[in-house]
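What follows is a set of notes on a single structure, which appears directly below.
The values are calculated or read from the model by the stated rules, or taken from the named source; none is laboratory data. Source: prediction; values computed, not measured. Here the Cβ positions follow ideal geometry from the backbone for every residue, glycine too, while neighbour counts run over all protein chains shown. Please note that ligands, DNA and RNA were not included when accessible areas were found on the heavy atoms of the full protein model with its side chains. Shrake-Rupley method; radii C 1.70, N 1.55, O 1.52, S 1.80 Å.
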Amino acid sequence: MDFLNELGIKKNNFGSCSGTVWNKTSAAGELKIVSPATGELIASVYQASENDYEKIITQASIAFAEWRKIPAPKRGEIVRQIGIKLREYKLYLGKLVSFEMGKSLQEGLGEVQEMIDICDFAVGQSRQLYGFTMASERPSHRMYDQYHPLGIVATISAFNFPVAVFSWNAMIAAVCGNVNVWKPSSKVPLSAIAVQNIISQVIKVNNLPEGIFSLVIGKGSTIGERLLQDNRVNLISVTGSTEVGRHAAEVISKRFGRSILELGGNNGIIITPDADLKMAMPAIVFGAVGTCGQRCTTTRRLIIHDSIFDKVKDTLIKAYKSLRIGNPLDEQNHVGPLIDAAAVKEFNEALAQVKKEGGKILYGGEMLKGKGYESGCYVRPAIVEAKNEYETVQKETFAPILYLIKYSGDITNAIEIHNGVVQGLSSAIFSNNLREVEAFLSAEGSDCGIANVNIGTSGAEIGGAFGGEKETGGGRESGSDAWKAYMRRQTNTINYGTTLPLAQGIKFDI
């Protein structure tokens with residue numbers, strides 16, 4: 001395939017790189033990467049060994065000593081060049097993301113566009129790493145705070161966004177003066193290798209030291225654990241399940257390291273009687289079936305006022321019937337496959353369990369077979385009438401299952417149902433009623449890190465800080481002032497007078 005050649009993907013690839021130099025280890029295990037779209041073998045990757053890991057971290061430590069001395073705007077210039085290279089390779093990389101992960105080509109291209117956008121954002125941020133000046137209570141004193149680079153920042157990314165999550169972390173961290181180590185999901189390592197090949201071109205042209213942008217592909221039980229436990233790694237951004245994040249947080253906190261946790265979501269949309277349903281339907285459907293339900297921001301619960309429940313239900317079923325499911329590289333298709341057989345099994349088990357609890361499958365829920373579905377990873381997205389208290393509804397199933405839940409009375413009841421889960425990532429309300437909207441956005445409203453009005457739960461822009469509350473982990477990445485998480489904060493006080501007054505009026509004469 002042309003995009004594999006253009007991105008430097010070979011039949012057999014090595015799994016660790018310090019920037020431009022690839023370690024040649026082949027004895028630590030081989031990953032055979034199969035496309036969920038077609039079931040065909042794409043390529044293989046030799047995983048990094050623990051010795052490779054040590055080389056990567058050692059080189060990153062050396063690189064940090066130099067990279068932190070480069071002025072932030074100059075670091076921003078490197079990120080700007082990375083953004084230009086990503087523009088050149090957008091079509092090829094978007095195709096690879098789509099083919100390796102299974103999301104639609106439009107979503108694959110959109111993910112690469114996110115990378116480009118965050119590069120642009122980071123370039124601007126490189127000139128705005130600002131601190132604040134505070135008034136001192138002592139005469140002839142100036143007090144202010146400033147931010148310094150942390151050191152090595154690691155990104156552990158999940159399969160559902162093979163490249164974008166890396167860029168959210170790496171590009172911001174880079175302009176802040178940090179060096180980056182990326183451990184991608186073992187399910188989608190080829191996209192990571194392709195990105196490393198693109199970045200390496202910028203490293204070579206600028207004669208940058210090895211270790212600023214590094215890649216290590218390996219087992220979670222070995223390489224992943226080494227990252228979590230390594231005192232040389234100052235900050236780790238972890239994207240994954242709540243279980244994965246809980247383990248990571250425990251290990252990292254024991255060594256007083258820092259973490260950014262982006263974990264599970266159980267995202268809900270409230271549909272009130274004052275909603276514009278014509279506007280709401282595309283947002284609901286895209287939020288529920290985009291990436292075949294494998295986004296952390298996927299819409300999983302639809303909380304509908306009982307007066308319009310049947311109307312919404314019937315309209316949704318009609319919309320679902322029009323969905324085209326098939327090869328994600330075909331731009332005519334809306335929905336691609338699940339990532340693998342294990343995901344299909346989880347989809348089936350969740351539907352079986354919710355039926356036992358009293359849920360009613362209104363549409364979909366079956367595996368698709370026959371021509372074009374040979375990989376065994378295609379399913380028909382499901383709509384299920386359920387109750388919020390069902391155990392299955394309380395969990396995040398990483399698959400296209402949309403639970404329809406009735407509420408009665410006013411917006412307070414809807415918000416109570418909405419907040420009645422342990423996750424707190426993304427949320428939305430569709431209403432043209434100002435009081436309902438403001439209640440949803442108030443301190444008594446949505447308890448999520450993201451709260452939207454008259455748009456869906458997925459498709460966050462890079463300009464805002466991304467992350468959630470409760471068991472979603474509390475982390476923030478990407479835009480706004482999320483850059484501060486990648487730096488160490490320092491308060492400075494300068495005495496430019498000739499005496500030494502103490503704070504709080506303390507007297508100490510000697």
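Some values worked out for this structure:
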quantity	calculated
Condition broken by Asn433, with the remaining ones in (1) closer than 30 Å to Glu243 by Cβ; (2) open to solvent by less than 70 Å² (accessible area, probe 1.4 Å) satisfied	(1)
Hits in the stretch 376-396 - residues which are surrounded by fewer than 22 Cβ atoms within 10 Å (Cβ to Cβ) and in a loop (DSSP other than H, G, I, E, B)	Gly376, Arg380, Lys387, Asn388, Glu389, Tyr390, Lys395
Output for the stretch 307-328, where each listed residue is over 17 Å from Met367 (Cβ atoms) and in a helix (DSSP H, G or I)	Phe309, Asp310, Lys311, Val312, Lys313, Asp314, Thr315, Leu316, Ile317, Lys318, Ala319, Lys321
Unmet requirement for Thr20, which otherwise passes all of (1) in contact with a helix residue (DSSP H, G or I) (Cβ under 6 Å, 6 or more places away or on another chain); (2) assigned to a helix (DSSP H, G or I)	(2)
Which numbered condition Phe347 misses (of (1) under 24 Å from Thr272 (Cα atoms); (2) touching a Pro at 6+ places or on another chain (Cβ under 8 Å); (3) in a helix (DSSP H, G or I))	(1)
Hits in the stretch 156-176 (condition: in a loop (DSSP other than H, G, I, E, B) and crowded, with 24+ Cβ neighbours inside 10 Å)	Ser157, Asn160, Phe161, Pro162, Val163, Cys176
Failed item in (1) open to solvent by 60 Å² or more (accessible area, probe 1.4 Å); (2) of a type outside the set (A, V, I, L, M, F, W, C); (3) touching a Leu at 6+ places or on another chain (Cβ under 9 Å); (4) under 24 Å from Lys470 (Cβ atoms), with Gln353 passing the rest	(3)
Failed item, numbered, when Ser307 is tested on (1) buried (at least 20 other Cβ atoms within 10 Å of the Cβ); (2) farther than 28 Å from Phe3 by Cα; (3) not hydrophobic (A, V, I, L, M, F, W, C)	(1)
Filter pass, Glu77 being among the acidic types (Asp, Glu), open to solvent by 10 Å² or more (accessible area, probe 1.4 Å) and under 24 Å from the mean Cα position of the chain (by Cα)	no
Selection from the stretch 195-211 of residues that are crowded, with 24+ Cβ neighbours inside 10 Å and either among the acidic types (Asp, Glu) or touching a Pro at 6+ places or on another chain (Cβ under 9 Å) (or both)	Val195
Tabulated pairs, the stretch 412-437, first in contact (Cβ under 8 Å) with a residue 60 or more places away in the chain and outside any strand (DSSP E or B), second of a type in the set (A, V, I, L, M) and open to solvent by 10 Å² or more (accessible area, probe 1.4 Å), C-beta under 6 angstrom, 6+ apart or interchain	Ser431/Ala275; Ser431/Val437; Glu436/Ile411
Neighbours by Cβ (under 8 Å, 6+ apart or cross-chain): first from the stretch 464-477, within 16 Å of Arg246 (Cα to Cα) and touching a residue at least 24 places away in the same chain (Cβ under 8 Å); second of a type in the set (D, E, K, R) and in a loop (DSSP other than H, G, I, E, B)	Gly467/Arg476; Glu469/Asp447; Lys470/Asp447
Conditions (1) surrounded by fewer than 19 Cβ atoms within 10 Å (Cβ to Cβ); (2) touching a residue at least 40 places away in the same chain (Cβ under 8 Å): number failed by Ile56	(1)
Among (1) within 30 Å of Asp330 (Cβ to Cβ); (2) hydrophobic (A, V, I, L, M, F, W, C); (3) in contact with a strand residue (DSSP E or B) (Cβ under 9 Å, 6 or more places away or on another chain) - the single one Leu93 does not satisfy	(3)
Filtered residues of the stretch 126-142 (kept if crowded, with 17+ Cβ neighbours inside 10 Å and either in a strand (DSSP E or B) or out of contact with any Pro (no Cβ under 6 Å at 6 or more places or on another chain) (or both))	Leu129
Unmet criterion (only one of (1) small (Gly, Ala, Ser); (2) out of contact with any His (no Cβ under 9 Å at 6 or more places or on another chain); (3) touching a residue at least 40 places away in the same chain (Cβ under 8 Å); (4) more than 28 Å from Ser375 (Cα to Cα)) for Ser98	(4)
So Ala283, is it out of contact with any strand residue (DSSP E or B) (no Cβ under 7 Å at 6 or more places or on another chain) and either closer than 13 Å to Thr457 by Cβ or in a strand (DSSP E or B) (or both)	yes
Answer residue from the stretch 466-510, given it is under 30 Å from His418 (Cβ atoms) and among the charged types (D, E, K, R) and is surrounded by the fewest Cβ atoms within 10 Å (Cβ to Cβ) among those	Asp481
In the stretch 414-433, the residues that are in contact with a His (Cβ under 9 Å, 6 or more places away or on another chain) and within 17 Å of Ser307 (Cα to Cα)	Ala414, Ile429
Close pairs from the stretch 293-315: first in contact (Cβ under 8 Å) with a residue 40 or more places away in the chain, partner among the basic types (Lys, Arg) and surrounded by fewer than 24 Cβ atoms within 10 Å (Cβ to Cβ), Cβ under 7 Å, at least 6 apart	Ile304/Lys406; Asp306/Lys406; Phe309/Lys406
Boolean, Lys11 is among the charged types (D, E, K, R), crowded, with 19+ Cβ neighbours inside 10 Å, within 21 Å of Ile217 (Cβ to Cβ) and in contact (Cβ under 8 Å) with a residue 24 or more places away in the chain	no
Given (1) among the hydrophobic types (A, V, I, L, M, F, W, C); (2) in contact with a Phe, Trp or Tyr (Cβ under 9 Å, 6 or more places away or on another chain); (3) in a loop (DSSP other than H, G, I, E, B), number of the condition Leu91 does not satisfy	(3)
